[in-house]
Amino acid sequence: MTREQLVAYMPWGMSLMTMYGYWVIGNKTWWSWYVPLVTQTLWFIWIATSGNFGFLPSAVFLTAIATRNLFKWRRETLQTA
C-alpha cells in the first residue's frame with residue numbers, strides 16, 4: 001500500500017474503530033478503553049504519515065482521556081471484586 005493510499009483510506013478504518021470503541025464502552029467493561037487506545041495509536045501513525053499535525057492536539061487529549069478512564073474503571077472494578 002502506498003503512502004497516498006494510507007493517507008486516503010486509513011481514516012475510514014480508524015473511524016469505524018472509534019465507533020466500535022464507543023459501542024463497547026457503553027457496555028461498561030474496564031477493558032473497553034483499550035479499543036480507543038489502539039485507535040489513537042493508529043491516529044498518531046496517520047498524523048505522522050500524512051503530515052496533518054492539526055489533529056495532534058485532539059489525539060493527545062483523547063489518549064489522555066482513554067488512559068485516565070481505563071485506570072479509573074479498572075480500579076473501580078478491582079475495588080468491587
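Bear in mind these aren't lab numbers, they're just calculated from the coordinates by the rules spelled out. Because the structure is predicted, anything quoted here is derived from the model rather than measured. Neighbour counts run over all protein chains shown; Cβ positions are idealised from the backbone, glycine included.
If you take the beta carbon distance between Leu62 and Leu6 as r and set R0 to 22 Å, what does 1/(1 + (r/R0)^6) give as a FRET efficiency, to the nearest 0.05?
0.60
If R₀ is 30 angstrom, what is the calculated FRET efficiency for the pair Glu76 and Leu42, using the beta carbon separation as r and rounding to 0.05?
That pair, Glu76 with Leu42, gives E of 0.65.
Using a Förster radius of 30 Å, what is the FRET efficiency between Phe53 and Leu16 based on their Cβ-Cβ separation? Nearest 0.05, please.
In this case the efficiency is close to 0.80.
Based solely on its DSSP helices, what 222 nm [θ] is calculated for the chain when runs of n ≥ 4 H residues each add -39,500 (n - 2.57) and the sum is averaged over all residues, nearest 500 deg cm²/dmol?
My calculation for the chain gives -28000 deg cm²/dmol from helical runs alone.
Can you give me the Kirkwood hydrodynamic radius for the chain, using every pair of distinct Cα atoms, in Å to one decimal?
13.5
More than 15 angstrom separation, counting every C-alpha pair in the range 1-48; what % is that? Could the numbers behind the result be given before it?
Values: 509 of 1128 pairs.
Distances greater than 15 Å cover 45 percent of the Cα pairs.
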